[in-house]
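One structure below.
The values are calculated or read from the model by the stated rules, or taken from the named source; none is laboratory data. Values in this document were obtained by computation on a predicted structure and should not be read as measured data. Methodologically, a virtual Cβ is constructed for each residue, glycine included, from the backbone with ideal geometry; neighbour enumeration extends over all protein chains shown. When the accessible area is computed, the model is the full protein with side chains, heavy atoms only, and any ligands, DNA or RNA have been set aside. Shrake-Rupley method; radii C 1.70, N 1.55, O 1.52, S 1.80 Å.
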Amino acid sequence: MAKPVVAIVGRPNVGKSTLFNKLIGERRAIVEDTPGVTRDRIYGEVEWRGKVLTVIDTGGIEPKTDNLILKKMRQQAQVAIDTADVILFMCDIRTGLLADDMDIAVMLKKSGKPVVPCINKADRIGDTPAEFYEFYELGFDIDPIALSSLHGSGSGDVLDAVLDALPEFDADEEDDDTISVAVIGKPNAGKSSLVNKILGDERCIVSDIPGTTRDAIDSYFENDHGKYNFIDTAGIRRHSRVDDKIEKISVLRAKMAVDRADVCLIMVDANEGVTDQDEKIAGIAHEAGKASIICINKWDSIEKDNSTTNEMTKKIYDSLSYMTYAPIMFISAKTGQRVDKLFEHINYVNNQSKMRVSTGMLNDVLADAIARVQPPSDKGKRLKIYYMTQTDVAPPTFVIFCNNAELFHFSYQRYLENCLRQTFGFKGTPIKLIIRQKGDNADND
């Protein structure tokens with residue numbers, strides 16, 4: 001993961017997220033005209049002149065504010081600055097050089113990092129306005145660069161300046177064995193608290209205000225158990241309650257985070273139990289075919305007796321009947337209860353989702369299953385199953401060839417899935433069965 005890190009900082013609404021999206025080539029950061037939309041650090045990558053850079057988009061810095069969220073945003077920006085090798089300092093040519101810009105400049109100079117002043121919204125290509133030159137007053141060693149993050153003009157000059165400013169940097173080859181873990185759940189279920197507990201720092205903004213995390217935030221972590229990329233996602237609300245445009249995009253971000261994860265941690269509030277919304281959120285991971293662990297958070301706040309854990313387990317699996325393959329962990333992100341045990345489970349379900357079984361072993365299990373429970377028949381026609389083979393992993397995917405796919409009832413598919421689980425495990429991962437008819441006239445066999 002050792003790549004040069006570039007942090008984009010500046011006042012709210014100067015175009016930081018627009019530049020970030022332009023550099024990484026995708027709409028990962030939320031772009032909206034509302035100041036303060038990007039609250040946490042967002043990570044992405046850009047390749048320029050043969051070098052791969054990690055780019056961090058940050059929330060706008062308000063140097064003087066009493067607002068809790070804005071204070072947290074400033075803290076997050078400071079962490080990004082401390083992490084960065086080079087800093088892109090965004091200003092807005094339309095507003096001119098403001099007192100807040102000068103205050104931020106002082107903050108950046110104290111970091112001792114190379115700073116590239118990026119004067120945004122200079123949309124007239126080839127015509128540098130007179131207002132541009134006042135930004136030399138910022139007093140950085142690197143000259144200001146005029147650009148338009150919206151149109152992309154000047155972005156190449158910015159990246160050239162970054163590479164020129166980079167200290168000597170030996171990038172290691174990227175690790176292929178890093179496990180990506182998406183932390184998903186309703187707002188205020190403790191997702192950011194869990195990530196912060198694992199990382200041991202204030203990586204994600206944590207507050208009692210539901211919906212604080214609006215983007216999916218990536219955090220790299222390494223310990224004795226392995227290498228992990230934790231993706232803290234925005235809480236997924238009911239569609240009827242997702243009123244504003246930004247919140248809708250955040251739901252999409254969470255779904256995208258699940259798509260790029262190897263393992264999903266489904267956070268459920270122990271005080272509320274599994275709600276309808278939890279069922280829908282878990283369904284996103286299930287439908288995406290992701291290995292999953294159900295984390296019952298805030299377990300420290302529950303009064304317990306000898307039967308509490310068993311009763312809660314039964315209720316969870318009754319509600320999430322389609323995910324009985326997923327292990328349940330009772331944790332507390334606040335106290336750290338059983339958080340250290342998560343890594344063993346993450347490794348286990350990740351390995352289970354990537355397990356391959358030989359065709360010979362599969363067909364031995366299939367023959368035994370058919371001998372114990374005959375395939376269904378309908379109107380004198382009986383289902384004949386010829387053989388099974390595994391075609392993919394994550395999730396384990398099996399193609400079953402038969403004489404008539406219409407006779408292959410869902411209940412018998414579930415029976416075969418259970419047989420596979422009893423023999424091979426596949427704990428924590430969905431199993432995908434694909435039914436294929438063999439031959440055009442197969443149903444007449």
Subject >> Distance between modelled label sites at residue 260 and residue 65, nm, 7 Å Cα→Cβ extension >> reply: 2.5
Original post:
Residues of region 312-445: accessible area per residue at 1.4 Å, in Å²?
Top reply: 52
Original post:
Ignoring ligands, DNA and RNA, how do 8, 145, 434 rank by accessible area with a 1.4 Å probe, largest first?
Top reply: 434, 145, 8
**OP:** For region 311-323, take each phi angle, set θ = phi - 60°, evaluate the Karplus expression 6.51 cos²θ - 1.76 cosθ + 1.60, and give the result in whole Hz per residue in order, putting x for glycine and proline.
**Re:** 5, 5, 4, 4, 4, 5, 5, 5, 6, 10, 5, 7, 10
Subject >> Entries of 186/432; 16/191; 354/432; 3/191; 255/438 with Cα pairs more than 24 Å apart >> reply: 186/432; 16/191; 3/191; 255/438
Subject >> Alpha carbon centroid spacing (whole Å) that separates region 179-194 from region 393-426 >> reply: 31
Original post:
Non-local amide H neighbours of residue 85 (under 5 Å, H modeled in plane, Pro and chain starts lacking H): which ones?
Top reply: 5, 6, 7
Subject >> Rounded to whole Hz, the Karplus (6.51, -1.76, 1.60) HN-Hα couplings of region 90-107, x for glycine and proline >> reply: 8, 10, 10, 5, 6, 8, x, 7, 9, 4, 4, 4, 5, 5, 5, 4, 4, 4
Original post:
What accessible surface, in Å², does a 1.4 Å probe find on residue 345, ignoring ligands, DNA and RNA and rounding to the nearest 10?
Top reply: 60
Original post:
What are the residues whose amide H is under 5 Å from the amide H of residue 262, where those residues sit 5 or more places off or on another chain and H is modelled from the backbone?
Top reply: 180, 181, 182
**OP:** Amide H neighbours of residue 326 under 5 Å, at least 5 residues apart or on other chains, H built in the peptide plane: list them.
**Re:** 428
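Of the accessible area of region 255-295, with the probe set at 1.4 angstrom, what percent is carbon plus sulfur?
Solvent-exposed carbon and sulfur of region 255-295 make up 41 percent of the total.
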Subject >> Solvent exposure ordering (accessible area, 1.4 Å, most first) of 94, 338 >> reply: 94, 338
